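The values are calculated or read from the model by the stated rules, or taken from the named source; none is laboratory data. Here the structure is a predicted model, which is why all the values come from computation and not from measurement. Neighbour counts run over all protein chains shown; Cβ positions are idealised from the backbone, glycine included.
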Amino acid sequence: IGDELKRQGFKKMADVNELCLSHKSLTHLSDLSRFHNLNYLWLNGNKLKTANFLKTNYRLTELYLNNNKLKDITGCLFHLSCLQTLLLNNNQLTSLENTLMEFRRMTCLLTLNLFHNPLSQELTYRTTVIYHIQSLQLLDRCEVKEEERAEASRHFEGERERVRLSVAFGRRAELPPTPCWPAKTPSTAPSENMRGLFILENVLNRSPREHPEEAVVERVTKRSLMELSLFDWINVPPTEQRRRDEKKAQPPRLIAIHFR
């Protein structure tokens, strides 16, 4: 790596954003944490058996590890959340589950190659990969189609997907909606209907009067007593007269009238 940097005229490791080490017959690689700004890394065509040298290269967007001897990548790539292109084809990866666990944070991954690995021989390999990596656009050099995404959802989500397909206009109901009203607190006061029944019963049970005048008098006496108050201004002199007279003018008299 040092010889390659000198040949290309790099003085600082931080200036390197592309590093090509393909077809160098490398069997192992030291830590690449010195290259903080590394975006593109080619390591294809070597004899690498592990990829544990990328612990701090968080800015990687393209990583080429195809045509090596990788058997397991557990704990090696999970932190590379900026990856958009990852080639791992022509290796010896056997566990599809462990491999997919490394991709769970790669929400920007668009291109992925896993063909020519033992894991690619599994029956539902392509469907499983498409379902677990929603951002994929190209898998094993083939475009990921919407029909494949739908099939993957139906395969893995089962009943949840069937419910989603049965939804119309954002709502779904097996039966007509049943209104749910809050429970009413019991009231000790008689209701309006009961109060009306009591009044009607009293009217029906009342004995009739011999003379209508008696009923009128009884009804009048049961009414509320009302009072009308007003001032008597007749004996109050005008303003000019009060100025001339030496006698003090009397205040107006209050007249109260009571009636029912």
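For the stretch 123-135, a residue qualifies if it is buried (at least 16 other Cβ atoms within 10 Å of the Cβ) and either at pLDDT 95 or above or more than 18 Å from GLU62 (Cβ to Cβ) (or both), and the qualifying residues are TYR125, ARG126, THR127, THR128, VAL129, ILE130, TYR131, HIS132. Filtering the stretch 30-47 to residues that are farther than 18 Å from THR111 by Cβ and either touching a Lys or Arg at 6+ places or on another chain (Cβ under 6 Å) or not aliphatic (A, V, I, L, M) (or both) leaves SER30, ASP31, SER33, ARG34, PHE35, HIS36, ASN37, GLY45, ASN46, LYS47. Within the option set THR94, THR27, THR50, being more than 15 Å from LEU109 (Cβ to Cβ) and touching a His at 6+ places or on another chain (Cβ under 8 Å) holds for one residue only, THR50.
Of the listed requirements (1) crowded, with 16+ Cβ neighbours inside 10 Å; (2) part of a helix (DSSP H, G or I); (3) among the aliphatic types (A, V, I, L, M), ALA14 misses just one: (1).
Tell me the residue from ASN57, ASN68, ASN52 that is crowded, with 21+ Cβ neighbours inside 10 Å, over 18 Å from LEU139 (Cβ atoms) and out of contact with any strand residue (DSSP E or B) (no Cβ under 8 Å at 6 or more places or on another chain), please.
Result: ASN68 is the single residue among ASN57, ASN68, ASN52 that is crowded, with 21+ Cβ neighbours inside 10 Å, over 18 Å from LEU139 (Cβ atoms) and out of contact with any strand residue (DSSP E or B) (no Cβ under 8 Å at 6 or more places or on another chain).
Restricting the stretch 101-134 to residues that are of a type in the set (Phe, Trp, Tyr) and farther than 14 Å from SER153 by Cβ, the residue that is farthest from the chain's Cα centre (by Cα) is PHE115. Contact map, the stretch 40-51: residues that are in contact (Cβ under 8 Å) with a residue 40 or more places away in the chain paired with residues that are surrounded by 17 or more Cβ atoms within 10 Å (Cβ to Cβ), Cβ distance under 8 Å, separation 6+ or inter-chain. Pairs shown: ASN44/TYR64; ASN44/LEU65; ASN44/ASN66; ASN44/ASN67; ASN44/ASN68; ASN44/LEU87. Tallying residues that are part of a loop (DSSP other than H, G, I, E, B) and either in contact with a Gly (Cβ under 9 Å, 6 or more places away or on another chain) or closer than 21 Å to ASP15 by Cα (or both) within the stretch 41-53 yields 3. Determine whether the stretch 26-34 contains at least one residue that is surrounded by 14 or more Cβ atoms within 10 Å (Cβ to Cβ) and either under 21 Å from LEU138 (Cβ atoms) or acidic (Asp, Glu) (or both). There is no residue in the stretch 26-34 that is surrounded by 14 or more Cβ atoms within 10 Å (Cβ to Cβ) and either under 21 Å from LEU138 (Cβ atoms) or acidic (Asp, Glu) (or both). Restricting ARG164, ARG160, ARG149 to residues that are modelled with pLDDT of 65 or more, within 23 Å of ASN98 (Cα to Cα), not in a loop (DSSP other than H, G, I, E, B) and not hydroxyl-bearing (Ser, Thr, Tyr) narrows the list to ARG149. Here the condition is being over 27 Å from SER135 (Cβ atoms) and either modelled with pLDDT of 95 or more or touching a Leu at 6+ places or on another chain (Cβ under 9 Å) (or both); of LEU21, LEU80, it holds for LEU21 alone.
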